Amino acid sequence: MKKLLLPIALVLTLLITGCKTYHKPEKVTPVENFKLTEYLGTWYEIARLEHKFEKGMEAISATYSIREDGGVKVLNKGYKTAEKEWSTAEGKAYFVGDSDKAFLKVSFFGPFYGSYIVMDTDYKTYTMISGPDLSYFWILSRTPTLEKQTLDRLVTKAKNAGFDTSVFIYPDQSMNNAK
């Protein structure tokens, strides 16, 4: 029995500590002197890497606001083209360390969190976000479109950080342009 307890204890320890470790890609650096109050509000998705939770969605936006507990409320909205309906998902985010460093953990599924790293933003026009590894990436804009010159610069920066920019998806934001 004692021989079984040690491996079980080790596995449980790894699972517990593994859940509290937030990763970032090697060449991704969180924004320093981050200003959350300037970051809050609505952002429109301009480019992304595909994931099942956004597959087939267009007109995607994310709205950030302060939660009562001091965290960040995340409200994602997108249009499911196959179902011809809008979908929303509400999550929560908290800083992993100091609040002036743009490295957060975000959850849409109970106690499970993933890295949310703002790697570039000017707060007024664009933001670039990485997840825990090179398979999670987004470029967002304050408006449903982004100037080509700015987009090209951000895509180059993403490529230099190791993201496969050749497979970026550029969602149709025309439904948001009508607002």
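The values are calculated or read from the model by the stated rules, or taken from the named source; none is laboratory data. Note that the structure is a prediction, hence the values are computed from the model and not measured. Neighbour counts run over all protein chains shown; Cβ positions are idealised from the backbone, glycine included.
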Next on the checklist: Being within 14 Å of the chain's Cα centre (by Cα), crowded, with 19+ Cβ neighbours inside 10 Å and among the aromatic types (Phe, Trp, Tyr) is the filter here; which residues of the stretch 30-47 pass it?
Outcome noted: Trp43, Tyr44
Checklist entry - Out of the stretch 59-70, which residues are more than 13 Å from the chain's Cα centre (by Cα) and surrounded by fewer than 17 Cβ atoms within 10 Å (Cβ to Cβ)? => result Ser65, Ile66, Arg67, Glu68, Asp69, Gly70
Item to check | The one condition in (1) more than 16 Å from the chain's Cα centre (by Cα); (2) of a type outside the set (Val, Ile, Thr); (3) under 21 Å from Pro30 (Cβ atoms); (4) part of a helix (DSSP H, G or I) that Lys124 fails to fulfil | outcome: (4)
Next on the checklist: I need the full set of residues from the stretch 48-58 which are modelled with pLDDT under 95 and either surrounded by 19 or more Cβ atoms within 10 Å (Cβ to Cβ) or closer than 22 Å to Glu32 by Cβ (or both), in order please.
Outcome noted: Glu54, Met57
Checklist entry - Just checking, which of Gly91, Gly78, Gly131, Gly71 is under 15 Å from Thr29 (Cβ atoms), in contact with a strand residue (DSSP E or B) (Cβ under 6 Å, 6 or more places away or on another chain) and not aliphatic (A, V, I, L, M)? => result Gly131
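Given the structure, is Lys84 within 14 Å of the chain's Cα centre (by Cα), of a type in the set (Lys, Arg) and more than 20 Å from Ala158 (Cα to Cα)? Outline the logic, then answer.
Working: within 14 Å of the chain's Cα centre (by Cα): no; of a type in the set (Lys, Arg): yes; more than 20 Å from Ala158 (Cα to Cα): yes.
No; evaluated as a whole, the condition is false for this residue.
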Checklist entry - Say we look at the stretch 133-167 and pick out the residues that are part of a helix (DSSP H, G or I) and of a type in the set (D, E, K, R); which of these is nearest to Glu50 (Cα to Cα)? => result Lys159
Checklist outcome for this item: Selection over the stretch 137-157 where residues are touching a residue at least 60 places away in the same chain (Cβ under 8 Å) and farther than 17 Å from Trp43 by Cα yields a count of 1
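Which residues, counting only those in the stretch 24-49, are assigned to a loop (DSSP other than H, G, I, E, B) and among the charged types (D, E, K, R)? Lay out the reasoning, then the answer.
Within the stretch 24-49, the first condition is being assigned to a loop (DSSP other than H, G, I, E, B), and the residues that meet it are 24-31, 33-35, 40, 49.
Passing the criteria: Lys24, Glu26, Lys27, Lys35.
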